[in-house]
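Peer 1: Okay, here's the structure, questions in a sec.
The values are calculated or read from the model by the stated rules, or taken from the named source; none is laboratory data. In this text the structure is predicted, and so the values were computed from the model without any measurement. For neighbour counting, all protein chains shown are included, and Cβ atoms are generated from backbone atoms with ideal geometry for every residue, glycine included. Calculation scope for accessible area: heavy atoms of the full protein, side chains included, ligands and nucleic acids excluded. Shrake-Rupley method; radii C 1.70, N 1.55, O 1.52, S 1.80 Å.
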Amino acid sequence: KAGVTQTPRYLIKTRGQQVTLSCSPISGHRSVSWYQQTPGQGLQFLFEYFSETQRNKGNFPGRFSGRQFSNSRSEMNVSTLELGDSALYLCASSLIGNSYEQYFGPGTRLTVT
Amino acid sequence: DQQVKQNSPSLSVQEGRISILNCDYTNSMFDYFLWYKKYPAEGPTFLISISSIKDKNEDGRFTVFLNKSAKHLSLHIVPSQPGDSAVYFCAASGDNQGGKLIFGQGTELSVKP
């Protein structure tokens, strides 16, 4: 079974621009979560989607948004990029049930200059 | 407020010996705990998990112990191998977390031949 895929793997953007990252979950997984990893803050939860609905959101500004499609694929968008948005953005998928295991993709490395 | 803490940023162990990675948490509502392993420029890989109704879970060379009264969990790797060298994250979740994993800051394990 194929793992979680994320595109693109690397991205360089300029301050003020916006960016869209894509995530395809493991086949059959209906929940998709997004995390930001930075050296100073570690792995921080952004949001989680299930059945095209955002169920939970982390403590990030409104510039960070996401959505999920009917095939469970998800995108996240960051508008008006700031230098501090430079990070590894990780997507994780999971089955819904009595398991909390999330399976991560390789991440998208975003650099804002 | 760091709800999940890994107080040792690094650990060095000789090949063949036991590696013990520690994690403390503060939120008594957490009822599921996970360990992930991460290599640079890759997403975290799920290793092993434990529910709060258990105090031990074993999978091959990996064993996780949970002490609920102390709000402490540990990951034991026996025997340690050079390929185990990576950053290890503990994470916590629960029914009230809405699909969110809360991660510790990670411990970098180095297994020397």
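Peer 1: For residue B:2 and residue A:7, what does the FRET efficiency come to when R0 = 30 Å and r is the distance between their Cβ atoms, rounded to the nearest 0.05?
Peer 2: 0.40
Peer 1: Sequence gap at least 6, Cα distance under 8 Å: using those rules, report the relative contact order of chain A to the nearest whole percent.
Peer 2: 36
Peer 1: Given 5 Å bins starting at zero, what is the percent of C-alpha pairs of chain B in each, up to the one with the largest pair distance?
Peer 2: Histogram of Cα-Cα distances, whole percents per bin: 2, 13, 24, 25, 20, 10, 5, 1, 0.
Peer 1: Another question, then. Amide H of residue B:105: which non-local residues (sequence gap of 5 or more, or other chain) have their own amide H closer than 5 Å, using H built in the peptide plane?
Peer 2: For residue B:105, the qualifying residues are B:6.
Peer 1: Also: If you take the accessible area of A alone, add that of B alone, and subtract the area of the pair, what total do you get in Å², probe 1.4 Å, to the nearest 100?
Peer 2: Approximately 1700 Å², summed over both chains.
Peer 1: What are the residues whose amide H is under 5 Å from the amide H of residue B:110, where those residues sit 5 or more places off or on another chain and H is modelled from the backbone?
Peer 2: B:11, B:12, B:13
Peer 1: Ordering A:29, B:72 by how much accessible area each has at a 1.4 Å probe, largest first, what is the list?
Peer 2: Of A:29, B:72, the descending order of accessible area is B:72, A:29.
Peer 1: Which value, in Å² rounded to 10, gives the accessible area of residue B:31 with a 1.4 Å probe and all protein chains present?
Peer 2: Rounded to the nearest 10, the figure is 40 Å².
Peer 1: Assuming R0 = 35 Å, can you tell me the calculated FRET efficiency for the pair residue A:30 and residue B:18, based on Cβ-Cβ distance, to the nearest 0.05?
Peer 2: FRET efficiency, residue A:30 to residue B:18: 0.35.
Peer 1: Still on this structure, please answer the following. Distance between the C-alpha centers of segment A:58-113 and segment B:14-86? Whole Å please.
Peer 2: Centre-to-centre distance over Cα atoms comes out at 25 Å.
Peer 1: Check cross-link reach from residue B:5 to the lysines: straight Cα distance under 19 Å, and skip same-chain residues fewer than eight apart.
Peer 2: B:37, B:38, B:68, B:71, B:100
Peer 1: Which whole-Hz couplings ³J(HN,Hα) result when phi for each residue of segment A:24-41 is put into the Karplus expression 6.51 cos²θ - 1.76 cosθ + 1.60, θ = phi - 60°, listed in order with x for Gly and Pro?
Peer 2: Along segment A:24-41, the couplings run 10, x, 4, 3, x, 7, 10, 10, 10, 10, 10, 9, 10, 10, 10, x, x, 9 Hz.
Peer 1: GluC sites (Glu not before Pro), restricted to segment A:36-102: which are DSSP loop and have at most 10 other Cβ atoms within 10 Å?
Peer 2: Here no loop site has a sparse enough neighbourhood.
Peer 1: In whole percent, how big is the carbon plus sulfur part of the accessible area of the protein assembly as shown, probe 1.4 Å, protein atoms only?
Peer 2: Whole-percent figure for carbon plus sulfur exposure: 48.
Peer 1: Applying the Karplus parametrisation 6.51 cos²θ - 1.76 cosθ + 1.60 with θ = phi - 60° to the phi angles of segment B:25-42, what ³J(HN,Hα) value in whole Hz is obtained for each residue in order, glycine and proline being reported as x?
Peer 2: Values per residue, Gly and Pro as x: 9, 10, 8, 6, 7, 5, 9, 8, 10, 9, 10, 10, 10, 9, 9, x, 6, 10 Hz.
Peer 1: For segment B:1-68, run through the GluC sites (Glu not before Pro) and keep only the ones in DSSP coil with at most 14 other Cβ atoms within 10 Å of their Cβ.
Peer 2: In loop regions of segment B:1-68 (DSSP not H, G, I, E or B), the sparsely surrounded GluC sites (Glu not before Pro) are B:15.
Peer 1: Here's another thing I want to ask about it. Going by amide H atoms built from the backbone, whose H comes under 5 Å of the H on residue B:31, apart from near neighbours?
Peer 2: Close amide H contacts, sequence-distant or interchain: B:93, B:94, B:95.
Peer 1: With r defined as the distance between the Cβ atoms of residue B:29 and residue B:61 and R0 fixed at 35 Å, what FRET efficiency is calculated, to the nearest 0.05?
Peer 2: With R0 = 35 Å, the Cβ-Cβ based efficiency is 0.70.
Peer 1: At 7 Å along Cα-to-Cβ for each site, give me the label-to-label distance between residue B:96 and residue B:76 in nm.
Peer 2: The modelled label-to-label distance comes out at 3.2 nm.
Peer 1: What are the trypsin sites (Lys or Arg not before Pro) within segment B:7-53 that DSSP puts in a loop, where the Cβ has at most 11 other Cβ atoms within 10 Å?
Peer 2: Sites meeting the loop and neighbour criteria: none at all.
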